[in-house]
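All of the numbers you see were taken from the coordinates with simple rules; none came from a lab. Since this is a predicted model, take the numbers as computed values, not measurements. Here the Cβ positions follow ideal geometry from the backbone for every residue, glycine too, while neighbour counts run over all protein chains shown.
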Amino acid sequence: MIMHRISRTIPVLALLLAVAGCSGGNKASAPAPAPQPKPAATAATSSTNTAVPAGELFTYVPGGRRDPFTPIVIKEEKKALAGVKTPLERFSINEFKLSGIVWGGLGYHAMLEGPDGKGYFVRQGTVIGPNRGVVKKITQNSMIIEEKFKDPTGELKKKEVVIQFRKSEEGTP
């Protein structure tokens, strides 16, 4: 009985589909009209408060805004390359005066007096000078700084600068 109903329903559905598809005759059906863009009534640009005309597309004007694709957090290495300098990197190595050396369980630490009159504590590994010299060794009466630089041929060379206590300030003749 179910098979009998299905066999009667299928031809009826096929006939309905055929009639629905042929309702236009031999006429070619016209494509549906494209949807009209809605006019932008009060779209404003970033620099002025004037309305954008309905047919004009919006263009991005970055005037004074940050690049959205750059990271917000900058790594420390990039900051050093970007020109952010510590107070020790602002002055030349020769402008510093060795004021004192302290040693103990944590090793040697030196106190330098800068040309600005301020005191700076440094230890082995501290970056100093505009050429990013590194404090290599601190002894009881001197400090050794290693600077890397490029010579006129473009070869990378190292130079050691020794800063010692000044004899006249130590009290010895």
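Figures for the structure shown
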{"quantity": "Amide H contacts of F91 (H built 1.01 Å from N, under 5 Å, at least 5 apart or other chain)", "calculated": "G129"}
{"quantity": "Modelled FRET efficiency - R0 41 Å, T139 with V73, Cβ distances, 0.05 increments", "calculated": "0.55"}
{"quantity": "Gain upon complete extension [L106, T153; 0.36 nm per residue less C-alpha separation]", "calculated": "12.8 nm"}
{"quantity": "Estimated inter-spin distance, V162 and E56, nm [label 7 Å along Cα→Cβ]", "calculated": "7.2"}
{"quantity": "Under 12 Å, Cβ to Cβ, from G129 - net charge with Lys/Arg +1 and Asp/Glu -1", "calculated": "+1"}
{"quantity": "Sequence ranges 133-146, 89-102, 58-71, 151-164, ranked by mean other-Cβ count within 10 angstrom, highest first", "calculated": "133-146, 89-102, 151-164, 58-71"}
{"quantity": "Net +/- balance of residues flanking G107 in space, Cβ distance below 15 Å, scoring K and R +1, D and E -1", "calculated": "+3"}
{"quantity": "³J(HN,Hα) computed for each position of segment 154-161 - Karplus, 6.51 cos²θ - 1.76 cosθ + 1.60, integer Hz, glycine/proline x", "calculated": "x, 7, 7, 10, 10, 9, 9, 10"}
{"quantity": "Segment R132-R8, extension gain: residue separation times 0.36 nm, minus the distance between their alpha carbons", "calculated": "35.4 nm"}
{"quantity": "Simple spin-label estimate for T86 and F121 in nanometres, 7 Å along Cα-Cβ", "calculated": "1.3"}
